Amino acid sequence: MRISELSATTQVSVHRLRRYEAAGLIASQRLPNGYRDYDEKTVRHVVFIAMSRQMGFSLPFIGEYLPRYKTGKLSAQDMVEAILVRVAEIDQLMTEQQALRKKLMDHIGWFKTHARRKQ
């Protein structure tokens, strides 16, 4: 199937598909006219990549897990554990952002207090 067909089937943009191919995550054969040709199993691989990206996993992470997915050696438990690690990372980021927000609000209070004193 051509890249436009793969894009339509997976709802992943042609640009992203080219990026995935450049990163070595998917592969195509070149037809004599230069068009990319993808086999049917690439659809499953692209869906896995797209779902992983939606969960916030990096392309290097996906590159590590994709070969196991392709060979059927990636268990559901493996993915659950990876997702739980991702959730913990998000929780940490949220904690850091909440602390930053509090600090910003404290600074606003400080500036407002000092602005009143100068009037």
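Here ALA27 fits the description: loosely packed, with under 15 Cβ neighbours inside 10 Å, of a type in the set (A, V, I, L, M) and free of Cβ contacts under 8 Å to residues at least 40 places away in the same chain. When the residues of the stretch 49-83 are filtered to those that are polar (S, T, N, Q) and in a helix (DSSP H, G or I), the one that is surrounded by the most Cβ atoms within 10 Å (Cβ to Cβ) is SER52. Pairs are defined by a Cβ separation below 7 Å, a sequence spacing of at least 6 or placement on different chains, a first member in the stretch 59-87 that is within 21 Å of LEU17 (Cβ to Cβ), and a second member that is of a type in the set (S, T, N, Q) and not in a loop (DSSP other than H, G, I, E, B); the pairs so defined are ILE62/SER52. Take the conditions (1) exposed (fewer than 12 other Cβ atoms within 10 Å of the Cβ); (2) touching a Pro at 6+ places or on another chain (Cβ under 9 Å); ALA22 misses just one of them, which is (2).
For ALA88, the requirement of being at pLDDT 95 or above, out of contact with any Phe, Trp or Tyr (no Cβ under 6 Å at 6 or more places or on another chain) and surrounded by 14 or more Cβ atoms within 10 Å (Cβ to Cβ) is not met.
The values are calculated or read from the model by the stated rules, or taken from the named source; none is laboratory data. The shown structure was predicted, so the numbers you read here are calculated from the model rather than taken from an experiment. Note: ideal-geometry Cβ built from the backbone for every residue, glycine included; neighbour counts use all protein chains shown.
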